[in-house]
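The values are calculated or read from the model by the stated rules, or taken from the named source; none is laboratory data. None of the values given here were measured: they were computed from a predicted structure. Neighbour counts run over all protein chains shown; Cβ positions are idealised from the backbone, glycine included. These area figures cover heavy atoms from the full protein model, side chains too; ligands, DNA and RNA do not enter into them. Shrake-Rupley method; radii C 1.70, N 1.55, O 1.52, S 1.80 Å.
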Amino acid sequence: LLVKFRAPKTQTRDWIPVTETASNYAASLGVTSVQDVHSDYQTEVLLALEKEGKLKTRVYDCTPLHEWEKLKKTMTEKPLRSSLVRVGCLKSFSDGFEESIPQLYENINGADKAGLQVMMHAIGNKANEIVLGIFERIDKENEKRDRRFRTEHAYRFRFGNLTRFSKANVIASLQPHLFGGNEPYRSFINSNTKIAFGSDASITDFNPLFGIHAAVNRGSFEGGVKQSLTVEEAVRFYTMGSAYAEFQEEVKGSITPGKLADIIMLSDDFFIIAPEKIRDAKVVITIVDGKIVYEAP
């Protein structure tokens, strides 16, 4: 109640200052790209901020899955011209109920045939099984192409289904800090599954260093395998892995000639410091498109 009475009454309407604050916060944490899978409608707000020179983060802005026809029409009739904002992704949830399969299949199939990318939230054995089943069916039935289906979280799936991710070319989009690093990273790698790391903010902390720390220090045992990652692997999944998950690995995700100049500098070299100190590192400078968008005091 104390928070309710003190919060601005316009907080759910003044999206431009709210989003600007979020962009500033992302820059302070060294986040140069965001994949917004909240299924809200922020594209116009993001473009307005970009026009004012106040957007400090690249954004891949997603749309609810059931509105795939509207998104395709908009992209066709009014192509987006922006260096920081992209669209083309669709997001929905698997609730684990068999009754939801026909409608999910219809929407995912329609979106896939329209050339759009689909990502599905799935937590639990049944939810993951439903998503994998639909993705496998569409991958088999529709034309062969690089569709990059994604399962968001892919948490607590039946371990016997592990190889189904790679066989259907499904990306495991994981959030190490959200689940304390207790996911089968090493088994995903061994089965040749593509991995992307993220934060699931604002459900959990936005700071990617916390996720890297969790993946390196708190890996679980699954199938008799120690699942923790090296620092290099965790960083790669946050950078190249996430760039691949949005079809952008040719333009960002690594410091390579010809790619976008999105770079950060940290207070510590966490490739050589003690792994348990990774989360204590601070962002000193954040650069997006060659411009400094954040400098630590």
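Across region 15-67, the qualifying residues are those that are among the small types (Gly, Ala, Ser) and assigned to a loop (DSSP other than H, G, I, E, B), and the one among them that is farthest from residue 93 (Cα to Cα) is 53. Restricted to region 30-45, and to residues there that are open to solvent by 20 Å² or more (accessible area, probe 1.4 Å), aliphatic (A, V, I, L, M) and within 16 Å of the chain's Cα centre (by Cα), the residue that is modelled with the highest pLDDT is 34.
Scoring residue 165 on the criteria (1) of a type in the set (Phe, Trp, Tyr); (2) assigned to a helix (DSSP H, G or I); (3) open to solvent by 30 Å² or more (accessible area, probe 1.4 Å) leaves a single failure, condition (3).
Table: residues versus (1) surrounded by fewer than 21 Cβ atoms within 10 Å (Cβ to Cβ); (2) under 18 Å from the mean Cα position of the chain (by Cα); (3) modelled with pLDDT of 95 or more.
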position	(1), (2), (3)
19	yes, yes, no
25	yes, yes, yes
49	no, no, yes
52	yes, no, yes
70	yes, no, yes
101	yes, no, yes
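Checked against (1) at negative phi; (2) touching a Phe, Trp or Tyr at 6+ places or on another chain (Cβ under 7 Å), residue 223 passes all but condition (1).
What number goes with the only condition from (1) closer than 19 Å to residue 233 by Cβ; (2) assigned to a loop (DSSP other than H, G, I, E, B); (3) open to solvent by less than 60 Å² (accessible area, probe 1.4 Å); (4) of a type in the set (Val, Ile, Thr) that residue 278 does not pass? The single condition residue 278 does not satisfy is (2).
Among the criteria (1) of a type in the set (Lys, Arg); (2) buried (at least 18 other Cβ atoms within 10 Å of the Cβ); (3) more than 21 Å from the chain's Cα centre (by Cα), the one residue 252 does not fulfil is (3).
Which members of region 110-146 meet the condition of being of a type in the set (D, E, K, R) and open to solvent by 10 Å² or more (accessible area, probe 1.4 Å)?
Of the residues in region 110-146, the ones of a type in the set (D, E, K, R) are 112-113, 126, 129, 136-137, 139-141, 143-146.
Residues satisfying the conditions are 113, 126, 129, 136, 137, 139, 140, 141, 143, 144, 145, 146.
Please tell me if residue 246 is among the acidic types (Asp, Glu) and within 20 Å of residue 36 (Cβ to Cβ). Against the criterion (among the acidic types (Asp, Glu) and within 20 Å of residue 36 (Cβ to Cβ)), residue 246 qualifies.
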